[in-house]
Structures are given as structure tokens and as C-alpha cells.
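Have a look at the structure below before the remarks.
The values are calculated or read from the model by the stated rules, or taken from the named source; none is laboratory data. Given the structure is predicted, the values throughout are model-derived calculations rather than measurements. Ligands, DNA and RNA are excluded from the accessible area calculation, which covers all protein heavy atoms including side chains. Shrake-Rupley method; radii C 1.70, N 1.55, O 1.52, S 1.80 Å.
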Amino acid sequence: MKNKQKRLNIIAGVLAALLMAVVLWGVLLGSNPLHTQISDGVEPVDLDTIDLRSSGVEVNFSDVILSGQNETRKLIVSTQTGTVAAKLTDRLIRQLDFDFLKKTQNVSYTGTGYFVVDLDNLTAASVIQDRDNKTVTIRIGHPYLQTVEIDPNRIIIDEVEESLLARGDIKLSVADYTAIERDLRSRLEEKFDTASNGQAADALAVKMVREIYEPVVKAIDRRYSVVVELR
């Protein structure tokens, strides 16, 4: 009985020594069976970039930029506001130009002119992709004065200036009003459509078109930048 107990004590001692050896070996080597490295084959991709390299597909930036060409896109790049005036004269005797025989009245119009760029005229030839320098060049037309809007709330008609013999209001027909408006609108267009205003509109067009399309290009590949040129 004592021999059997002695054998059990020896076996228990050997097992304890083996367990201690295993624990010591794990501590010394830093081995942790609960932490293993697993590779799923997926490479991290910048969230701002659509990476299509593995698919063999090359992005055509012109397709993205020219999408929605059925929509008319006229970008207003600059506005100008101005006022022009005209003096209406009514003679008592049309052939005689004497102050005491005529009455006058001042009329002024204030309007706004809009310089626009036609983005709906862009074609595939207008978008040039340089893969080496990572640029997308967009060539646009020069801005032009598209329209002049007359502000009806800022049409000012002064009181009639009467003379000694010419009294009362100046009577105007519909044709007279039409001619006056046509003349003042034409003078506003001449006032807005100047070289200096055109140069300012050019600079604004380059800046604004780049601001529109650069986020679109960088959403596809952030390595690319946008250059805007005037044709």
C-alpha cells in the first residue's frame, strides 16, 4: 500500500513538473494560442478613391463630366448692375428749338447683366486626361453677356420740366415707350459688355468651373487635379 502511494506521488510530481515546464516555455516565448494572424487578402483603400485597378477598368473622366448632357447647363459666372438715363423732349413747335417752347422729362432704367458659360457645349474633345501628370484639363468657351434684365421697381420717371409756353405732361404712345426701352436696354448692354468686365468674367469662369468639377474628379481618383482653360 505504501509502495502504491509512493508511485502515485512520483507520477503527480512528474506531471506537475511537465505542466510547469509548459507554462515556463510559453512565458519565455510569448506564445499566445488565442491570438493568430489571419489574412483575408483585402488591401485597405482610401475611402475617397474608387480603386478599379484590379478589375482592369480605366475610368474615362470625360464620361463622368459630360454625363447629363440632355440638361441645359448655363453657369452664371458674373453679374453687373448699372443705370442709364434718357431725356425726353416735347417741343411745342417741332421745327423750333427754343427753351421756352419745349418741356423735358428724365427717365432712368436700372438693370442687371448676366455673363454665362455654356457647359452644355462641352464635348469629349473638351476634356483632356493626362495620366502621367495626373491632370484633367477642361476647355471652356469665354463667358458672354447672355441677357440684361430691367428691374421694373427701379424705373424712375422724373417730373416734367415745363417752360414758359410748354405746359402739361409729355404724352407718349406705346411705340414711344417701346423705342425708349429698346434704346436704354441697348445702352445697358454696351455699358456691361466691356473688355474689363469680360476679363473679370474669364477669371471667375476658370475658378468656378474648377470648383464644380474637381470634387467629381477627386471622388474617382484623388491623385488627379483639374485644370480649366479658355478656348
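Taking amide hydrogens as placed 1.01 Å from N in the peptide plane, the amide H of Y144 sits under 5 Å from those of V116, each at least 5 positions away in sequence or on another chain. Ranking F98, F115 from most to least accessible surface, computed with a 1.4 Å probe over the protein chains only, gives F98, F115.
Carbon and sulfur atoms: what percent of the 1.4 Å accessible area of the range 133-200 do they account for?
For the range 133-200, the apolar C and S fraction of the accessible surface comes to 47 percent.
In the full protein context, the range 109-231 carries 59 Å² of accessible surface per residue, based on a 1.4 Å probe and ignoring ligands, DNA and RNA.
For the range 172-231 and the range 115-140, what is the centre-to-centre distance using only Cα atoms, to the nearest Å? Here the answer is 17 Å between Cα centres.
For the residue pairs K103/K171; K171/K191; K87/K171, the alpha carbons lie more than 19 Å apart in K171/K191.
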